[in-house]
1. Using beta carbons and a limit of 8 Å, which pairs, at least six apart or on different chains, have the first residue in the stretch 148-162 and touching a residue at least 60 places away in the same chain (Cβ under 8 Å) and at negative phi and the second one in a helix (DSSP H, G or I) and surrounded by 14 or more Cβ atoms within 10 Å (Cβ to Cβ)?
2. Could you list, in sequence order, all residues of the stretch 213-227 that are touching a strand residue (DSSP E or B) at 6+ places or on another chain (Cβ under 9 Å) and surrounded by fewer than 14 Cβ atoms within 10 Å (Cβ to Cβ)?
3. Got a number for residues in the stretch 191-205 being under 21 Å from residue 222 (Cβ atoms) and more than 16 Å from the chain's Cα centre (by Cα)?
4. Looking at this structure, is residue 240 free of Cβ contacts under 8 Å to residues at least 60 places away in the same chain and under 24 Å from the mean Cα position of the chain (by Cα)?
5. How about the stretch 42-91: which of its residues are part of a loop (DSSP other than H, G, I, E, B) and over 30 Å from the mean Cα position of the chain (by Cα)?
6. Are any residues in the stretch 275-318 under 23 Å from residue 42 (Cα atoms), modelled with pLDDT under 90 and in a strand (DSSP E or B), and if so, which ones?
7. Here are 203, 199, 262: which of them is out of contact with any helix residue (DSSP H, G or I) (no Cβ under 7 Å at 6 or more places or on another chain), touching a residue at least 40 places away in the same chain (Cβ under 8 Å) and either surrounded by fewer than 16 Cβ atoms within 10 Å (Cβ to Cβ) or not in a strand (DSSP E or B) (or both)?
8. Condition check: surrounded by fewer than 16 Cβ atoms within 10 Å (Cβ to Cβ) and at positive phi. Does residue 181 satisfy that?
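The values are calculated or read from the model by the stated rules, or taken from the named source; none is laboratory data. Not measured: the values here are computed from a predicted model. Using ideal geometry, Cβ is built from the backbone for each residue, glycine included, and neighbour counts are taken over all protein chains shown.
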């Protein structure tokens, strides 16, 4: 066969093969995948809103009373009567116990008798002095004696009064440290009175936080022994000095305890609100997405999401302040963001809003 015929046969075979590959004469069938509809992604959403939000700081401390006074005996003697017990409420100057004061009473009576004797003599001498019948020196000496005896009598009377041990402040008897018949010495502590109507806590806070705190800031105290109950507190004093051993400063919080639910010595967890932003746009913290140093949220409009880049501020108790990027009326995705892209179709259900401080 000649070369020309061979070339013609090869060309014919090539054309036939090409026609067979193109499916000439066959009907075109569309892809099954191309005809399927993409299912919406299920997500949970919550509403952005406007509310007051506080920047907070957490600290722990033990409660104490700012009015806590030991009651020492002013004079010695045997305890003959106990008038109060631990837990009793007393007013200032109420008698707590009595000592055997017979000796002190007799000393007072003797001092008073001496005083009355010299007082009568002084009155008689004053009359004579007015008529120049006694010397001025004698008159002055007796006047000094009279003043000394008056002081002696007042001291004896005071010691006798001290045989009744009295409360120096109003409060609750927190300790009774004497027994009936016990002999107590002067300055021996017999009781302790504690005013529990107002309790304090000394919060030790790192020095880096000093500029954030001021008197008047509000706080909330929680107690493991009283679950579920929060007690309002107020920062009343902030020390301007730093403890060089710990690098902390002291902020003093006060809690109103008029109902008597709390007691000195209880351990408390404080949340101090040191900065307030009013009418701030907030979203649940779960709505925030961090990707490549970019902060964003997914906003649902009808059944489609769009990605919004936002800048954030205060974070408090499950909420985040959105400084820019939202208007405050949007629905934002809080669960399911990992499956979302710009324009993704979603099937949204409402999530329960988080609690917040404010």
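1. Listed pairs, sorted by first residue: 159/104; 159/107; 159/108; 162/104.
2. First, pick out the residues of the stretch 213-227 that are touching a strand residue (DSSP E or B) at 6+ places or on another chain (Cβ under 9 Å): 213-225.
If the condition is that a residue be touching a strand residue (DSSP E or B) at 6+ places or on another chain (Cβ under 9 Å) and surrounded by fewer than 14 Cβ atoms within 10 Å (Cβ to Cβ), then 214, 215, 216, 224, 225 are the ones that fit.
3. Here is the first cut: in the stretch 191-205, the ones under 21 Å from residue 222 (Cβ atoms) are 196-205.
Imposing the further condition that a residue be more than 16 Å from the chain's Cα centre (by Cα) reduces the set to 196-197.
Selection size over the stretch 191-205: 2.
4. Criteria met by residue 240.
5. Filtering the stretch 42-91 down to residues part of a loop (DSSP other than H, G, I, E, B) leaves 48, 63, 66-67, 73-76, 83-88, 91.
Hits for the stretch 42-91 are 73, 74, 75, 76, 83, 84, 85.
6. Across the stretch 275-318, the qualifying residue is only 291.
7. 262 is the lone residue from the list that is out of contact with any helix residue (DSSP H, G or I) (no Cβ under 7 Å at 6 or more places or on another chain), touching a residue at least 40 places away in the same chain (Cβ under 8 Å) and either surrounded by fewer than 16 Cβ atoms within 10 Å (Cβ to Cβ) or not in a strand (DSSP E or B) (or both).
8. Numbers: surrounded by fewer than 16 Cβ atoms within 10 Å (Cβ to Cβ): yes; at positive phi: yes.
So residue 181 fits the description; yes.
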